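The values are calculated or read from the model by the stated rules, or taken from the named source; none is laboratory data. Fair warning: this is a prediction, and the values are worked out from it, not measured in the lab. Here Cβ is always computed from backbone atoms with ideal geometry, including for glycine, and neighbour counts include all displayed protein chains. These area figures cover heavy atoms from the full protein model, side chains too; ligands, DNA and RNA do not enter into them. Shrake-Rupley method; radii C 1.70, N 1.55, O 1.52, S 1.80 Å.
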Amino acid sequence: MRSRLQLQLKRCDAWTRNWLLAIGRLLHLIICAVSCRLRDVAAQAGAETSLLAIRLTVNRRLHMAERLLWLFVLVGSVFAVYMLSELQIARYINSPTVISVDRDYRGWNGTLPAVTLCYYDHIDSFKANELIQDVWNVSIIDEDYFYIMDFLYAVVNATATNYAELAKFASDERFDQVDLYQIIHTINRPFEQVISSFDADFQVNVEMVMTERGSCYAINAPMSTMLSKKDADYEQIPQPLTCQFGKQQCFIRMDLYESTGVLDVHSPYEVSASEANIIALHKSDEITASFKVLETVASNNLRELSVEQRKCVFNDEETSNLKVYSKSLCLARCRAIMALEMCNCVPFFYPFVEGASCNPGGFECLLDFKWPIWALHICKCPSTCTEIEYTMQTVKKSSWGIKGNDESGVIDMATSSFRWDLIPPKVRFRRDVVFSFEDLIVSFGGALALFVGVSVMGLVQMGYVIIFNILLDIIKLLRFIHAFYLRAGCRRRATKPLSPDHSKKNISRAETAELPLFEYVN
(Lines give C-alpha, C1' and ligand atoms only; values in the text may rest on other atoms or scores of the structure.)
Protein backbone atom coordinates (compact mmCIF):
# COMPACT_ATOMS: atom_id res chain seq x y z
CA MET A 1 0.00 0.00 0.00
CA ARG A 2 2.84 2.40 0.88
CA SER A 3 4.76 1.56 -2.29
CA ARG A 4 1.69 2.24 -4.39
CA LEU A 5 1.23 5.59 -2.71
CA GLN A 6 4.88 6.50 -3.29
CA LEU A 7 4.52 5.53 -6.94
CA GLN A 8 1.50 7.79 -7.33
CA LEU A 9 3.37 10.67 -5.68
CA LYS A 10 6.31 10.23 -8.03
CA ARG A 11 3.98 10.24 -11.00
CA CYS A 12 2.33 13.39 -9.65
CA ASP A 13 5.70 15.13 -9.18
CA ALA A 14 6.82 14.17 -12.64
CA TRP A 15 3.56 15.44 -14.12
CA THR A 16 3.88 18.74 -12.21
CA ARG A 17 7.50 19.14 -13.28
CA ASN A 18 6.64 18.53 -16.91
CA TRP A 19 3.73 20.95 -16.66
CA LEU A 20 5.91 23.69 -15.19
CA LEU A 21 8.58 23.10 -17.85
CA ALA A 22 5.96 23.39 -20.55
CA ILE A 23 4.65 26.66 -19.08
CA GLY A 24 8.21 28.01 -18.82
CA ARG A 25 8.91 27.14 -22.47
CA LEU A 26 5.66 28.80 -23.47
CA LEU A 27 6.45 31.97 -21.52
CA HIS A 28 9.94 32.04 -23.01
CA LEU A 29 8.52 31.77 -26.49
CA ILE A 30 5.98 34.53 -25.75
CA ILE A 31 8.67 36.84 -24.33
CA CYS A 32 10.95 36.22 -27.27
CA ALA A 33 8.14 36.87 -29.72
CA VAL A 34 7.05 40.06 -27.96
CA SER A 35 10.63 41.39 -27.71
CA CYS A 36 11.24 40.67 -31.38
CA ARG A 37 7.98 42.36 -32.26
CA LEU A 38 8.86 45.40 -30.14
CA ARG A 39 12.24 45.67 -31.83
CA ASP A 40 10.58 45.56 -35.23
CA VAL A 41 8.04 48.22 -34.27
CA ALA A 42 10.74 50.45 -32.75
CA ALA A 43 12.92 50.10 -35.85
CA GLN A 44 9.95 50.89 -38.08
CA ALA A 45 9.05 53.93 -35.93
CA GLY A 46 12.67 55.15 -36.01
CA ALA A 47 12.76 54.76 -39.78
CA GLU A 48 9.47 56.64 -40.22
CA THR A 49 10.50 59.54 -37.95
CA SER A 50 14.20 59.65 -38.97
CA LEU A 51 15.08 59.38 -35.27
CA LEU A 52 18.57 57.88 -35.32
CA ALA A 53 18.76 57.00 -31.62
CA ILE A 54 15.80 54.62 -31.76
CA ARG A 55 17.13 52.79 -34.80
CA LEU A 56 20.59 52.39 -33.30
CA THR A 57 19.17 51.17 -29.98
CA VAL A 58 17.35 48.23 -31.63
CA ASN A 59 20.02 47.52 -34.26
CA ARG A 60 21.26 44.00 -33.48
CA ARG A 61 24.34 44.42 -35.70
CA LEU A 62 25.88 46.83 -33.20
CA HIS A 63 27.72 45.83 -30.05
CA MET A 64 25.65 45.65 -26.87
CA ALA A 65 27.70 48.43 -25.22
CA GLU A 66 27.05 50.77 -28.14
CA ARG A 67 23.33 49.97 -28.06
CA LEU A 68 23.23 50.63 -24.31
CA LEU A 69 25.01 53.96 -24.87
CA TRP A 70 22.40 55.06 -27.39
CA LEU A 71 19.64 53.86 -25.07
CA PHE A 72 21.12 55.96 -22.25
CA VAL A 73 21.27 59.02 -24.54
CA LEU A 74 17.67 58.50 -25.63
CA VAL A 75 16.35 58.08 -22.07
CA GLY A 76 18.33 61.10 -20.84
CA SER A 77 16.98 63.26 -23.66
CA VAL A 78 13.39 62.23 -22.94
CA PHE A 79 13.92 62.94 -19.23
CA ALA A 80 15.33 66.40 -20.03
CA VAL A 81 12.28 67.15 -22.19
CA TYR A 82 10.01 66.04 -19.37
CA MET A 83 11.74 68.25 -16.78
CA LEU A 84 11.75 71.32 -19.02
CA SER A 85 8.10 70.79 -19.94
CA GLU A 86 7.19 70.50 -16.26
CA LEU A 87 8.96 73.81 -15.53
CA GLN A 88 7.20 75.54 -18.42
CA ILE A 89 3.80 74.25 -17.31
CA ALA A 90 4.47 75.49 -13.76
CA ARG A 91 5.44 78.89 -15.16
CA TYR A 92 2.27 79.05 -17.26
CA ILE A 93 0.07 78.15 -14.30
CA ASN A 94 1.74 80.24 -11.58
CA SER A 95 3.25 83.36 -13.18
CA PRO A 96 2.27 83.98 -16.80
CA THR A 97 1.78 87.75 -16.32
CA VAL A 98 4.04 90.75 -15.95
CA ILE A 99 3.59 94.35 -14.83
CA SER A 100 5.50 96.85 -16.95
CA VAL A 101 5.87 100.62 -16.91
CA ASP A 102 4.11 102.66 -19.59
CA ARG A 103 5.42 106.18 -20.30
CA ASP A 104 3.52 107.23 -23.43
CA TYR A 105 1.37 109.68 -21.48
CA ARG A 106 0.44 112.18 -24.20
CA GLY A 107 -2.67 110.35 -25.33
CA TRP A 108 -3.96 109.11 -21.97
CA ASN A 109 -7.43 109.76 -20.61
CA GLY A 110 -7.83 110.11 -16.85
CA THR A 111 -10.70 109.24 -14.53
CA LEU A 112 -11.51 111.76 -11.83
CA PRO A 113 -11.68 110.51 -8.23
CA ALA A 114 -14.90 109.65 -6.49
CA VAL A 115 -15.93 111.37 -3.26
CA THR A 116 -18.12 109.92 -0.52
CA LEU A 117 -19.70 112.61 1.67
CA CYS A 118 -20.93 111.63 5.14
CA TYR A 119 -22.72 114.38 7.09
CA TYR A 120 -21.92 115.06 10.71
CA ASP A 121 -25.61 115.66 11.37
CA HIS A 122 -27.54 112.96 9.54
CA ILE A 123 -31.01 113.51 10.95
CA ASP A 124 -33.71 115.64 9.44
CA SER A 125 -35.55 116.78 12.61
CA PHE A 126 -38.92 117.27 10.91
CA LYS A 127 -38.86 113.74 9.42
CA ALA A 128 -37.71 112.29 12.75
CA ASN A 129 -40.68 113.83 14.58
CA GLU A 130 -43.12 112.37 12.06
CA LEU A 131 -41.50 108.94 12.29
CA ILE A 132 -41.68 108.85 16.10
CA GLN A 133 -45.34 109.79 16.06
CA ASP A 134 -46.28 107.35 13.27
CA VAL A 135 -44.35 104.31 14.50
CA TRP A 136 -44.40 104.61 18.29
CA ASN A 137 -47.31 107.07 18.72
CA VAL A 138 -45.17 109.35 20.88
CA SER A 139 -45.24 113.14 20.73
CA ILE A 140 -42.74 115.68 21.96
CA ILE A 141 -44.61 116.14 25.23
CA ASP A 142 -44.27 112.47 26.19
CA GLU A 143 -41.51 111.18 28.44
CA ASP A 144 -40.27 108.60 25.89
CA TYR A 145 -39.81 111.13 23.12
CA PHE A 146 -36.19 112.02 23.87
CA TYR A 147 -35.41 108.38 24.65
CA ILE A 148 -36.60 107.36 21.18
CA MET A 149 -34.80 110.34 19.66
CA ASP A 150 -31.58 109.08 21.28
CA PHE A 151 -32.28 105.73 19.67
CA LEU A 152 -32.60 107.37 16.25
CA TYR A 153 -29.34 109.26 16.75
CA ALA A 154 -27.65 105.99 17.75
CA VAL A 155 -28.93 104.36 14.56
CA VAL A 156 -27.83 107.08 12.11
CA ASN A 157 -24.46 107.62 13.83
CA ALA A 158 -23.58 103.91 14.03
CA THR A 159 -20.65 102.66 11.98
CA ALA A 160 -19.11 99.25 11.45
CA THR A 161 -16.42 100.04 14.01
CA ASN A 162 -18.54 102.01 16.50
CA TYR A 163 -22.02 100.71 17.27
CA ALA A 164 -21.86 100.39 21.06
CA GLU A 165 -24.50 103.11 21.57
CA LEU A 166 -26.96 101.18 19.41
CA ALA A 167 -26.36 97.96 21.34
CA LYS A 168 -27.54 99.68 24.55
CA PHE A 169 -31.13 99.52 23.27
CA ALA A 170 -31.07 95.70 22.96
CA SER A 171 -33.27 95.19 26.02
CA ASP A 172 -36.12 97.36 24.68
CA GLU A 173 -38.62 95.13 22.87
CA ARG A 174 -40.14 98.08 21.02
CA PHE A 175 -37.09 98.16 18.72
CA ASP A 176 -36.89 94.43 17.95
CA GLN A 177 -39.09 94.48 14.84
CA VAL A 178 -37.92 97.84 13.49
CA ASP A 179 -36.16 97.97 10.11
CA LEU A 180 -33.11 100.11 10.88
CA TYR A 181 -32.19 100.50 7.20
CA GLN A 182 -35.63 101.89 6.39
CA ILE A 183 -35.45 104.24 9.39
CA ILE A 184 -32.21 105.74 8.08
CA HIS A 185 -33.69 106.27 4.64
CA THR A 186 -36.74 107.92 6.16
CA ILE A 187 -35.03 110.46 8.43
CA ASN A 188 -31.79 111.01 6.49
CA ARG A 189 -30.94 114.53 5.38
CA PRO A 190 -31.37 115.06 1.63
CA PHE A 191 -28.49 116.02 -0.63
CA GLU A 192 -28.91 119.73 -1.35
CA GLN A 193 -25.47 120.56 -2.67
CA VAL A 194 -24.39 121.91 -6.04
CA ILE A 195 -22.02 119.87 -8.21
CA SER A 196 -20.09 121.40 -11.09
CA SER A 197 -17.13 120.26 -13.21
CA PHE A 198 -14.95 121.26 -16.12
CA ASP A 199 -17.43 119.55 -18.47
CA ALA A 200 -20.68 121.49 -18.28
CA ASP A 201 -22.51 118.90 -20.41
CA PHE A 202 -21.69 115.96 -18.12
CA GLN A 203 -24.02 115.25 -15.22
CA VAL A 204 -22.01 113.94 -12.30
CA ASN A 205 -23.77 111.01 -10.67
CA VAL A 206 -24.80 111.49 -7.00
CA GLU A 207 -26.40 108.63 -5.10
CA MET A 208 -27.30 107.94 -1.50
CA VAL A 209 -25.50 104.79 -0.35
CA MET A 210 -25.13 102.81 2.84
CA THR A 211 -21.47 102.35 3.73
CA GLU A 212 -19.63 101.05 6.77
CA ARG A 213 -19.59 104.68 7.96
CA GLY A 214 -23.36 104.85 7.80
CA SER A 215 -25.57 106.70 5.36
CA CYS A 216 -23.53 108.82 2.91
CA TYR A 217 -23.68 110.31 -0.56
CA ALA A 218 -21.38 109.02 -3.31
CA ILE A 219 -20.31 111.48 -6.00
CA ASN A 220 -18.83 110.27 -9.30
CA ALA A 221 -18.73 106.74 -7.86
CA PRO A 222 -20.41 104.20 -10.18
CA MET A 223 -19.36 101.24 -8.03
CA SER A 224 -21.37 102.63 -5.11
CA THR A 225 -24.50 101.58 -6.99
CA MET A 226 -23.77 98.01 -5.86
CA LEU A 227 -24.10 99.07 -2.19
CA SER A 228 -27.84 99.54 -2.54
CA LYS A 229 -30.45 96.82 -2.76
CA LYS A 230 -30.66 97.28 -6.50
CA ASP A 231 -29.61 94.30 -8.61
CA ALA A 232 -27.51 95.95 -11.34
CA ASP A 233 -25.15 94.61 -13.99
CA TYR A 234 -21.87 96.18 -15.01
CA GLU A 235 -23.39 97.63 -18.19
CA GLN A 236 -26.11 99.37 -16.17
CA ILE A 237 -23.91 101.32 -13.76
CA PRO A 238 -23.17 104.95 -14.74
CA GLN A 239 -19.73 105.91 -15.99
CA PRO A 240 -17.46 108.31 -14.06
CA LEU A 241 -16.25 111.64 -15.37
CA THR A 242 -13.10 111.39 -17.50
CA CYS A 243 -10.82 113.92 -19.16
CA GLN A 244 -7.88 114.00 -21.52
CA PHE A 245 -4.66 114.96 -19.81
CA GLY A 246 -2.81 117.91 -21.31
CA LYS A 247 -5.85 119.33 -23.07
CA GLN A 248 -8.35 119.86 -20.23
CA GLN A 249 -8.24 121.01 -16.65
CA CYS A 250 -9.73 118.06 -14.82
CA PHE A 251 -11.70 119.04 -11.71
CA ILE A 252 -15.04 118.67 -9.87
CA ARG A 253 -16.40 121.24 -7.45
CA MET A 254 -19.03 120.73 -4.74
CA ASP A 255 -20.67 123.64 -2.87
CA LEU A 256 -22.34 122.84 0.45
CA TYR A 257 -24.87 125.09 2.19
CA GLU A 258 -25.58 124.76 5.91
CA SER A 259 -23.84 121.37 5.89
CA THR A 260 -20.65 119.86 7.25
CA GLY A 261 -19.23 116.39 6.96
CA VAL A 262 -16.36 114.08 6.22
CA LEU A 263 -15.08 113.47 2.69
CA ASP A 264 -13.43 110.26 1.53
CA VAL A 265 -11.64 110.45 -1.84
CA HIS A 266 -11.26 107.05 -3.51
CA SER A 267 -11.33 105.27 -6.84
CA PRO A 268 -14.62 105.42 -8.78
CA TYR A 269 -14.43 101.62 -9.11
CA GLU A 270 -14.15 101.04 -5.37
CA VAL A 271 -16.39 101.88 -2.43
CA SER A 272 -15.54 103.99 0.58
CA ALA A 273 -13.58 101.76 2.92
CA SER A 274 -10.12 103.19 3.64
CA GLU A 275 -8.88 106.04 5.79
CA ALA A 276 -6.18 107.20 3.36
CA ASN A 277 -7.77 110.35 1.93
CA ILE A 278 -10.18 111.53 4.66
CA ILE A 279 -10.88 115.29 4.67
CA ALA A 280 -12.98 117.06 7.30
CA LEU A 281 -15.13 119.84 5.89
CA HIS A 282 -16.48 122.42 8.35
CA LYS A 283 -18.62 125.49 7.91
CA SER A 284 -17.09 128.33 5.88
CA ASP A 285 -14.27 126.05 4.66
CA GLU A 286 -13.08 126.30 1.09
CA ILE A 287 -10.77 123.41 0.25
CA THR A 288 -8.93 122.75 -2.99
CA ALA A 289 -7.12 119.40 -3.18
CA SER A 290 -4.88 118.11 -5.96
CA PHE A 291 -4.35 114.38 -6.34
CA LYS A 292 -1.66 112.34 -8.02
CA VAL A 293 -2.95 109.27 -9.81
CA LEU A 294 -1.21 105.94 -10.27
CA GLU A 295 -3.18 103.80 -12.68
CA THR A 296 -2.81 100.14 -13.60
CA VAL A 297 -4.32 99.12 -16.92
CA ALA A 298 -4.73 95.60 -18.27
CA SER A 299 -4.54 94.12 -21.74
CA ASN A 300 -7.40 92.08 -23.18
CA ASN A 301 -5.15 88.99 -23.33
CA LEU A 302 -5.49 88.66 -19.57
CA ARG A 303 -9.09 87.50 -19.99
CA GLU A 304 -7.81 84.31 -21.61
CA LEU A 305 -6.20 83.30 -18.30
CA SER A 306 -7.98 82.06 -15.22
CA VAL A 307 -8.28 84.11 -12.05
CA GLU A 308 -5.75 81.84 -10.33
CA GLN A 309 -3.23 82.44 -13.10
CA ARG A 310 -3.50 86.21 -13.41
CA LYS A 311 -4.21 86.70 -9.66
CA CYS A 312 -6.70 89.49 -10.31
CA VAL A 313 -10.34 89.97 -11.30
CA PHE A 314 -11.91 92.32 -13.82
CA ASN A 315 -14.70 94.60 -12.64
CA ASP A 316 -17.25 93.06 -15.00
CA GLU A 317 -16.58 89.48 -13.87
CA GLU A 318 -18.95 87.70 -11.52
CA THR A 319 -17.22 86.24 -8.48
CA SER A 320 -17.92 85.84 -4.77
CA ASN A 321 -21.65 86.17 -5.54
CA LEU A 322 -21.05 89.70 -6.84
CA LYS A 323 -22.20 90.63 -10.33
CA VAL A 324 -19.77 93.56 -10.35
CA TYR A 325 -16.45 93.05 -8.59
CA SER A 326 -14.25 95.37 -6.56
CA LYS A 327 -11.83 94.46 -3.82
CA SER A 328 -13.37 96.76 -1.21
CA LEU A 329 -16.84 95.42 -2.03
CA CYS A 330 -15.61 91.84 -1.70
CA LEU A 331 -14.04 92.58 1.71
CA ALA A 332 -17.23 94.26 2.91
CA ARG A 333 -19.29 91.25 1.85
CA CYS A 334 -16.87 88.93 3.67
CA ARG A 335 -17.34 90.88 6.92
CA ALA A 336 -21.11 90.79 6.48
CA ILE A 337 -21.08 87.00 5.93
CA MET A 338 -19.05 86.55 9.13
CA ALA A 339 -21.55 88.62 11.06
CA LEU A 340 -24.34 86.46 9.63
CA GLU A 341 -22.57 83.26 10.70
CA MET A 342 -21.93 84.54 14.23
CA CYS A 343 -25.23 86.22 15.12
CA ASN A 344 -27.64 85.08 12.36
CA CYS A 345 -28.16 88.62 11.09
CA VAL A 346 -26.57 91.12 8.73
CA PRO A 347 -25.83 94.70 9.91
CA PHE A 348 -27.72 97.35 7.98
CA PHE A 349 -24.41 98.62 6.55
CA TYR A 350 -24.62 95.81 3.97
CA PRO A 351 -28.02 95.93 2.24
CA PHE A 352 -26.58 94.09 -0.80
CA VAL A 353 -26.05 90.92 1.29
CA GLU A 354 -29.03 88.62 1.73
CA GLY A 355 -30.04 87.77 5.27
CA ALA A 356 -32.09 88.95 8.23
CA SER A 357 -31.23 92.51 9.26
CA CYS A 358 -29.76 93.01 12.72
CA ASN A 359 -31.85 94.69 15.42
CA PRO A 360 -30.26 96.22 18.54
CA GLY A 361 -30.06 92.74 20.06
CA GLY A 362 -28.10 91.55 17.03
CA PHE A 363 -25.65 94.43 17.43
CA GLU A 364 -25.21 93.46 21.07
CA CYS A 365 -24.30 89.94 19.90
CA LEU A 366 -21.78 91.37 17.44
CA LEU A 367 -20.31 93.52 20.21
CA ASP A 368 -19.74 90.42 22.32
CA PHE A 369 -17.85 88.78 19.45
CA LYS A 370 -15.81 91.97 18.92
CA TRP A 371 -16.88 92.17 15.30
CA PRO A 372 -15.34 93.25 12.92
CA ILE A 373 -11.90 93.62 14.53
CA TRP A 374 -10.77 90.05 13.94
CA ALA A 375 -12.67 89.82 10.63
CA LEU A 376 -10.40 92.53 9.18
CA HIS A 377 -7.47 90.10 9.32
CA ILE A 378 -9.33 87.01 8.08
CA CYS A 379 -11.07 88.34 4.97
CA LYS A 380 -8.90 88.09 1.85
CA CYS A 381 -9.93 89.06 -1.68
CA PRO A 382 -8.01 89.24 -4.98
CA SER A 383 -7.13 92.61 -6.41
CA THR A 384 -8.73 94.05 -9.52
CA CYS A 385 -6.83 93.86 -12.81
CA THR A 386 -7.36 97.58 -13.38
CA GLU A 387 -6.63 99.83 -10.43
CA ILE A 388 -6.64 103.57 -9.83
CA GLU A 389 -4.86 104.84 -6.71
CA TYR A 390 -5.09 108.49 -5.71
CA THR A 391 -2.64 110.24 -3.40
CA MET A 392 -3.22 113.74 -2.06
CA GLN A 393 -0.42 115.96 -3.34
CA THR A 394 -1.46 119.45 -2.25
CA VAL A 395 -4.38 120.85 -0.27
CA LYS A 396 -5.32 124.51 0.20
CA LYS A 397 -7.79 125.46 2.90
CA SER A 398 -9.34 128.84 3.65
CA SER A 399 -12.28 129.95 5.80
CA TRP A 400 -14.76 132.71 5.02
CA GLY A 401 -18.36 133.64 5.80
CA ILE A 402 -21.21 135.30 3.97
CA LYS A 403 -23.47 137.83 5.60
CA GLY A 404 -27.03 138.25 4.50
CA ASN A 405 -30.01 140.41 5.45
CA ASP A 406 -33.52 139.37 6.29
CA GLU A 407 -36.49 141.06 7.89
CA SER A 408 -35.27 140.44 11.44
CA GLY A 409 -31.80 141.90 10.86
CA VAL A 410 -28.35 140.71 9.92
CA ILE A 411 -27.55 137.00 9.96
CA ASP A 412 -24.44 134.99 9.26
CA MET A 413 -24.91 132.20 6.68
CA ALA A 414 -21.92 129.87 6.55
CA THR A 415 -21.15 127.91 3.40
CA SER A 416 -18.33 125.61 2.33
CA SER A 417 -16.94 124.14 -0.84
CA PHE A 418 -14.62 121.38 -1.93
CA ARG A 419 -12.81 121.14 -5.24
CA TRP A 420 -10.69 118.21 -6.29
CA ASP A 421 -8.57 117.97 -9.43
CA LEU A 422 -6.00 115.67 -11.00
CA ILE A 423 -2.32 116.20 -11.67
CA PRO A 424 -1.53 114.70 -15.11
CA PRO A 425 0.58 111.55 -14.64
CA LYS A 426 3.60 110.60 -16.71
CA VAL A 427 3.85 106.97 -15.61
CA ARG A 428 1.38 104.16 -15.32
CA PHE A 429 1.54 100.40 -14.95
CA ARG A 430 0.41 97.88 -17.53
CA ARG A 431 -0.55 94.32 -16.65
CA ASP A 432 0.03 91.99 -19.59
CA VAL A 433 0.56 88.34 -20.48
CA VAL A 434 4.23 87.45 -20.86
CA PHE A 435 3.81 83.67 -21.23
CA SER A 436 0.63 82.66 -23.03
CA PHE A 437 -0.68 79.24 -24.01
CA GLU A 438 0.84 79.65 -27.48
CA ASP A 439 4.23 80.26 -25.86
CA LEU A 440 3.76 77.09 -23.82
CA ILE A 441 3.17 75.03 -26.98
CA VAL A 442 6.19 76.62 -28.67
CA SER A 443 8.36 75.78 -25.65
CA PHE A 444 7.27 72.12 -25.92
CA GLY A 445 8.27 72.04 -29.57
CA GLY A 446 11.63 73.69 -28.87
CA ALA A 447 12.47 71.19 -26.11
CA LEU A 448 11.53 68.22 -28.31
CA ALA A 449 13.54 69.54 -31.25
CA LEU A 450 16.59 70.35 -29.11
CA PHE A 451 16.89 67.12 -27.09
CA VAL A 452 15.05 64.48 -29.14
CA GLY A 453 15.17 65.93 -32.65
CA VAL A 454 11.53 65.25 -33.44
CA SER A 455 8.65 67.48 -34.51
CA VAL A 456 4.90 67.20 -34.22
CA MET A 457 4.69 65.39 -37.55
CA GLY A 458 7.34 62.96 -36.32
CA LEU A 459 5.32 62.27 -33.17
CA VAL A 460 2.20 61.73 -35.29
CA GLN A 461 4.05 59.29 -37.54
CA MET A 462 5.44 57.44 -34.53
CA GLY A 463 2.00 57.19 -32.98
CA TYR A 464 0.57 55.99 -36.29
CA VAL A 465 3.18 53.23 -36.62
CA ILE A 466 2.66 52.05 -33.04
CA ILE A 467 -1.14 52.08 -33.23
CA PHE A 468 -1.12 50.38 -36.66
CA ASN A 469 1.09 47.55 -35.49
CA ILE A 470 -0.91 47.10 -32.28
CA LEU A 471 -4.14 46.81 -34.25
CA LEU A 472 -2.45 44.44 -36.71
CA ASP A 473 -1.27 42.17 -33.89
CA ILE A 474 -4.71 42.21 -32.30
CA ILE A 475 -6.31 41.17 -35.59
CA LYS A 476 -3.78 38.34 -36.01
CA LEU A 477 -4.43 37.17 -32.46
CA LEU A 478 -8.19 37.15 -33.03
CA ARG A 479 -7.78 35.19 -36.26
CA PHE A 480 -5.56 32.66 -34.48
CA ILE A 481 -8.09 32.25 -31.67
CA HIS A 482 -10.90 31.84 -34.20
CA ALA A 483 -8.97 29.21 -36.20
CA PHE A 484 -8.02 27.36 -33.02
CA TYR A 485 -11.66 27.32 -31.94
CA LEU A 486 -12.81 25.94 -35.30
CA ARG A 487 -10.10 23.24 -35.29
CA ALA A 488 -10.99 22.19 -31.76
CA GLY A 489 -14.65 21.93 -32.74
CA CYS A 490 -13.84 19.70 -35.70
CA ARG A 491 -11.77 17.41 -33.49
CA ARG A 492 -14.55 17.10 -30.97
CA ARG A 493 -17.03 16.15 -33.67
CA ALA A 494 -14.61 13.60 -35.16
CA THR A 495 -13.95 11.86 -31.84
CA LYS A 496 -17.57 11.82 -30.68
CA PRO A 497 -19.08 8.18 -30.72
CA LEU A 498 -22.12 7.53 -32.91
CA SER A 499 -25.48 6.72 -31.34
CA PRO A 500 -27.17 3.35 -32.08
CA ASP A 501 -30.00 4.94 -34.02
CA HIS A 502 -27.53 6.91 -36.11
CA SER A 503 -25.50 3.74 -36.84
CA LYS A 504 -28.56 1.89 -38.01
CA LYS A 505 -29.45 4.59 -40.41
CA ASN A 506 -25.97 4.88 -41.92
CA ILE A 507 -25.52 1.31 -43.29
CA SER A 508 -22.75 0.72 -45.78
CA ARG A 509 -23.23 -0.81 -49.24
CA ALA A 510 -21.27 -3.94 -48.27
CA GLU A 511 -23.72 -4.61 -45.47
CA THR A 512 -26.72 -4.18 -47.77
CA ALA A 513 -25.24 -6.67 -50.24
CA GLU A 514 -25.33 -9.46 -47.62
CA LEU A 515 -29.02 -8.96 -46.88
CA PRO A 516 -31.44 -11.71 -48.07
CA LEU A 517 -33.49 -11.11 -51.15
CA PHE A 518 -36.97 -9.85 -50.81
CA GLU A 519 -39.72 -12.43 -51.23
CA TYR A 520 -42.75 -11.08 -52.98
CA VAL A 521 -45.98 -12.54 -51.75
CA ASN A 522 -48.96 -12.46 -54.03
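Kirkwood-type hydrodynamic radius, the chain: 32.4 Å, calculated from all non-identical alpha-carbon pairs. A protection proxy built from the mean count of other Cβ atoms within 10 Å ranks the segments 103-112, 325-334, 291-300, most packed first, as 325-334, 291-300, 103-112. Computed from the Kirkwood radius of its Cα pairs, the Stokes-Einstein diffusion coefficient for region 31-163 at 25 °C and 0.890 mPa s stands at 100 µm²/s.
Across region 12-21, rounded Karplus estimates of 3J(HN,Hα) from the backbone phi angles (6.51 cos²θ - 1.76 cosθ + 1.60, θ = phi - 60°) give 5, 5, 5, 5, 5, 5, 5, 5, 5, 5 Hz, Gly and Pro being marked x. With the helix formula -39500 (n - 2.57) applied to DSSP H stretches of n ≥ 4, the chain reaches a computed 222 nm mean residue ellipticity of -13500 deg cm²/dmol.
Annotation for Ser399 and Arg17: the two label points, set 7 Å from Cα along the Cα-Cβ direction, are 11.9 nm apart. Calculate the FRET efficiency for Leu450 and Asp102 from the Cβ-Cβ distance with a Förster distance of 35 Å, rounded to the nearest 0.05. E between Leu450 and Asp102, to the nearest 0.05, is 0.50. Cysteine residues of the chain whose Cβ has no partner cysteine Cβ closer than 4.7 Å: Cys12, Cys32, Cys36, Cys490. Extension gain, Ala33 to Asp316, is 95.5 nm, computed as 0.36 nm per intervening residue step minus the present C-alpha separation. Treating r as the C-beta distance of Tyr120 and Asn300 and R0 as 45 Å, the FRET efficiency rounds to 0.50.
Past 22 Å, Cα to Cα, is the threshold; run Lys327/Lys397; Lys247/Lys396; Lys292/Lys397 against it and keep the listed order. Correct reply: Lys327/Lys397; Lys247/Lys396.
Between Ser171 and Tyr234, the FRET efficiency from the beta-carbon distance, with R0 = 41 Å, is close to 0.40. For the listed peptides 216-224, 262-270, 337-345, a ranking on the average number of other beta carbons within 10 Å per residue, highest first, reads 216-224, 262-270, 337-345. Placing a label point 7 Å from the Cα of Asn137 along the Cα-to-Cβ line, the residues of region 152-177 whose backbone N sits under 20 Å from it are 172-177.
Summary value for region 189-303: 25 percent relative contact order, contacts being C-alpha pairs under 8 angstrom separated by 6+ residues. Rg then Dmax, both in Å and based on the Cα atoms of region 129-233: 17.1, 53. If only the Cβ of Lys and Arg carry +1 and only the Cβ of Asp and Glu carry -1, the dipole of the chain around its Cα centre is close to 6700 debye.
Remark: region 205-244 projects, on average over all directions, an area of 3.3 nm² (convex hull of Cα atoms).
Near Phe314, the amide H atoms lying under 5 Å from its own belong to Cys385; only residues 5 or more places off or on other chains count, and H is placed 1.01 Å from N. In nm, give the distance between the simple-model label positions of Phe480 and Asp179, each being 7 Å from the Cα along the Cα-to-Cβ direction. Each label point is offset 7 Å from its Cα along the Cβ direction, giving 8.3 nm. Ligands, DNA and RNA excluded, the heavy atoms of Thr225 present near 10 Å² of accessible surface to a 1.4 Å solvent probe.
In this structure, the amide hydrogen of Asp121, modeled 1.01 Å from its nitrogen in the peptide plane, lies closer than 5 angstrom to those of Thr260, counting only residues at least 5 positions away or on a different chain. Taking all protein chains as shown and a probe of 1.4 angstrom, Phe251 keeps an accessible surface of around 40 Å².
The portion of the accessible surface of the chain made up by carbon and sulfur, rounded to a whole percent, is 58 (1.4 Å probe; DNA, RNA and ligands excluded).
Put simply, the amide H of Ser455, placed in the peptide plane, has no neighbours under 5 Å, leaving out anything fewer than 5 places away on its chain. For the chain, relative contact order (Cα pairs under 8 Å, six or more residues apart, normalised by length) works out to 22 percent.
Maximal additional length on extending the Val307-His282 stretch stands at 4.6 nm, based on 0.36 nm per residue less the C-alpha distance. How far is helix 437-447 tilted, in degrees, relative to the longest principal axis of the Cα atoms in the chain, given as a value from 0 to 90 rounded to the nearest 10? Taking Cα atoms only, the helix is inclined about 40 degrees.
Given their separation in residues at 0.36 nm each and the Cα-Cα distance between them, Ile423 and Glu354 gain 20.8 nm when the chain is fully extended.
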